[in-house]
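All remarks here apply to the structure that follows.
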Amino acid sequence: MTLSRPERIDLLLPREHRQGSAESAPREQLESLGDIERVVIDAAIAMLSPGQKFALLWSLQVGQVAVAGVQIKERDGTVTNLVPPLEVLEYLADHKRLSYNPDTGAWLSAEIFIAGPTRYKATYSPGTVADWMPEVSVEDLRAEFAAFPRPDTEVPDWARSQLDWSDRMTG
């Protein structure tokens with residue numbers, strides 16, 4: 001799905017100002033991982049200004065922390081950080097829920113490198129959180145592994161260390 005220019009502009013407006021949108025209108029429920037990816041990629045592309053061609057859509061979802069952003073590298077090498085529409089974060093939460101596997105857990109972070117509507121590379125990591133993403137607390141790790149259980153062997157070493165350290169300090 002590729003959005004026309006008016007649709008792209010419409011996505012950037014606050015919900016109450018969008019064409020044909022009521023405040024209480026529910027977002028479309030997508031049932032496949034591919035459909036969710038297409039919607040979030042199109043939303044990220046909609047945020048690009050003319051001449052911008054590359055973006056990184058990222059998300060961190062661990063426990064109660066659920067954040068997302070779009071980084072756009074400008075021609076002069078500077079990076080512009082933008083906040084995507086709330087729907088992007090909600091669809092990424094749906095993606096996480098639908099892709100959960102009890103044998104490996106759910107992904108903790110996502111990075112989607114976008115060069116066009118059909119040119120992108122998505123990485124959903126069940127064990128890695130980039131250094132530049134927000135910090136993950138012990139409480140969020142506990143909430144994450146309670147909500148999306150995984151075998152002990154699938155708990156990342158960094159998370160296990162953080163949880164072990166916290167347990168030693170409190171008890």
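Note on LYS53: lysines with a C-alpha under 22 Å away, same-chain residues under 8 apart excluded, are LYS73, LYS121.
Remark: segment 27-171 carries 54 Å² of accessible area per residue (probe radius 1.4 Å; ligands, DNA and RNA excluded). Annotation note: chymotrypsin sites (Phe, Trp or Tyr not before Pro) in segment 66-171 located in DSSP loop regions with a Cβ neighbour count of at most 15 within 10 Å are TRP132.
Each principal axis of the Cα atoms in segment 36-93 has its own extent, and those three values, largest first, are 37, 20, 14 angstrom. Protection proxy ranking, highest mean first, for peptides 36-44, 135-143: 36-44, 135-143, where packing is the per-residue count of other beta-carbon atoms within 10 Å, averaged. FRET efficiency for the VAL138 to THR80 pair, using the beta carbon distance and R₀ = 25 Å, is estimated at 0.15. How much length is gained on full extension from ARG119 to ARG97, taking 0.36 nm per residue of separation minus their Cα-Cα distance? Stretched out fully, the ARG119 to ARG97 stretch lengthens by 5.5 nm.
Ligands, DNA and RNA left out, the accessible area of segment 41-171 computed with a 1.4 Å probe is 54% carbon and sulfur.
The values are calculated or read from the model by the stated rules, or taken from the named source; none is laboratory data. Quantities reported herein were computed from a predicted structural model and do not represent experimental measurements. Note: ideal-geometry Cβ built from the backbone for every residue, glycine included; neighbour counts use all protein chains shown. In case anyone asks, the SASA skips ligands and DNA or RNA and just uses the protein heavy atoms, side chains included. Shrake-Rupley method; radii C 1.70, N 1.55, O 1.52, S 1.80 Å.
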